[in-house]
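First up is the structure itself, then whatever we jot down about it.
The values are calculated or read from the model by the stated rules, or taken from the named source; none is laboratory data. Everything numeric in this text was worked out from a predicted model, so none of it was measured. Virtual Cβ from ideal backbone geometry, glycine too; neighbours counted across all protein chains shown. Side chains are part of the model used for accessible areas, which takes the heavy atoms of the whole protein and leaves out ligands, DNA and RNA. Shrake-Rupley method; radii C 1.70, N 1.55, O 1.52, S 1.80 Å.
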Amino acid sequence: MITKFLNRNVAIAAISFASINATSLVTQTKPVEASSFTSISQTTLFNRDGVNLGQSFNDTASNPILFSANVSNQNGSASARSYAGYGIIKAEYEAKALANQVDARAFAGAAFTLDDLVFSGTTTLRTITTSLNLTMDGNFYSDGAPSNPFPSNFVSIGLGFKWGSGYDGVTAQGRISRVNGEVYREGLLANYDPTIYNLITSPTFSFDPSQTQRVSLSLGLQGQAIERNNTPAFSVAKFFNTLSFAQSGDVFNLPEGWTVNSKDGQIVNNRFVGLQPRPVPIGGAFIGIAITGAFLSKKLAVNRNRIATNKAN
């Protein structure tokens with residue numbers, strides 16, 4: 001049932017980037033010189049009869065530019081914005097349904113692909129087995145009168161990772177869903193905690209460091225809020241604190257003596273330099289691909305307080 005309402009995905013764009021210089025014992029294959037990004041923001045309001053009261057939509061696939069969408073009237077509002085940049089993805093939305101059974105919907109998503117990764121090492125290796133470290137920080141919330149059999153108030157958060165291209169690549173996904181007050185988590189986001197700064201690791205993968213390599217990341221947020229029984233409804237996902245390569249420590253878990261650089265990924269000597277580094281706090285989550293159950297009620301209560309604080313500010 002959830003899948004029916006959470007079936008919009010952010011496509012990972014096939015994007016190329018310029019190569020950079022690096023000293024290496026391994027002969028490098030120069031990538032295609034090109035850059036592009038994908039950002040989508042969409043908001044819609046419907047009345048009780050399903051009539052579209054207003055819609056706003058923006059997207060791009062050429063430059064790392066922020067895109068926003070907003071629509072509102074006296075009964076509700078929806079806003080969304082997204083950004084795909086150099087090693088960084090940002091997205092957030094807010095949907096409010098206040099009166100007259102208005103239906104507020106929002107979607108924000110972004111994706112990028114890098115193919116200017118240059119691996120180098122003090123030893124000659126024909127195959128490297130590694131994994132990728134990411135950081136993610138954000139929170140989410142939904143509330144309103146519950147409905148059955150179809151959920152009327154939900155939040156959906158989707159994270160996508162791919163190494164390589166075509167059908168030969170290694171992929172992994174993560175999802176968080178909050179539907180009628182219940183929270184579900186799986187995949188890369190199985191242990192995601194909105195109250196702390198999260199470190200996420202990809203599955204392991206192997207590659208030939210002498211060949212051009214490609215990595216893709218995507219983030220998609222989607223929500224709906226419908227006013228029912230004179231009860232206002234809200235759906236909020238705030239992930240503008242960014243999804244990025246690891247902001248503390250190594251980006252790739254490489255063998256001893258090896259490093260990686262990427263101009264468009266803002267990776268220098270296997271460290272992400274695109275944002276001010278922040279350490280993972282004690283007790284921070286290290287997220288794999290195991291699937292676990294719902295959030296603890298304590299974490300949801302803390303998350304509710306965080307959003308209330310943000311609104312007050």
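The table below lists the values:
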| read-out | value |
| --- | --- |
| Selected residue (only one of Thr124, Thr113 is farther than 28 Å from Ser152 by Cβ, outside any strand (DSSP E or B) and touching a residue at least 40 places away in the same chain (Cβ under 8 Å)) | Thr124 |
| Residue match in region 112-124 (condition: surrounded by fewer than 24 Cβ atoms within 10 Å (Cβ to Cβ), of a type outside the set (Ser, Thr, Tyr) and either in contact with a helix residue (DSSP H, G or I) (Cβ under 8 Å, 6 or more places away or on another chain) or under 17 Å from Ala237 (Cα atoms) (or both)) | no |
| Which numbered condition Arg175 misses (of (1) at pLDDT 95 or above; (2) on the phi > 0 side of the Ramachandran plot) | (2) |
| Qualifying residue in region 51-65 (condition: surrounded by fewer than 20 Cβ atoms within 10 Å (Cβ to Cβ), under 29 Å from Val268 (Cβ atoms) and among the small types (Gly, Ala, Ser)) | yes |
| Enumeration of residues in region 231-241 that are open to solvent by 10 Å² or more (accessible area, probe 1.4 Å) and either more than 19 Å from Thr135 (Cα to Cα) or of a type outside the set (Lys, Arg) (or both) | Thr231, Pro232, Phe234, Phe240, Asn241 |
| Residue within region 285-303 that is closer than 30 Å to Asp168 by Cβ, open to solvent by less than 10 Å² (accessible area, probe 1.4 Å) and either modelled with pLDDT under 95 or among the polar types (S, T, N, Q) (or both) present | yes |
| Hits in region 217-230 - residues which are of a type outside the set (D, E, K, R) and open to solvent by 50 Å² or more (accessible area, probe 1.4 Å) | Asn229, Asn230 |
| Which listed residue is in contact (Cβ under 8 Å) with a residue 12 or more places away in the chain, under 30 Å from Val251 (Cβ atoms), open to solvent by 10 Å² or more (accessible area, probe 1.4 Å) and not β-branched (Val, Ile, Thr), from Lys90, Lys96 | Lys90 |
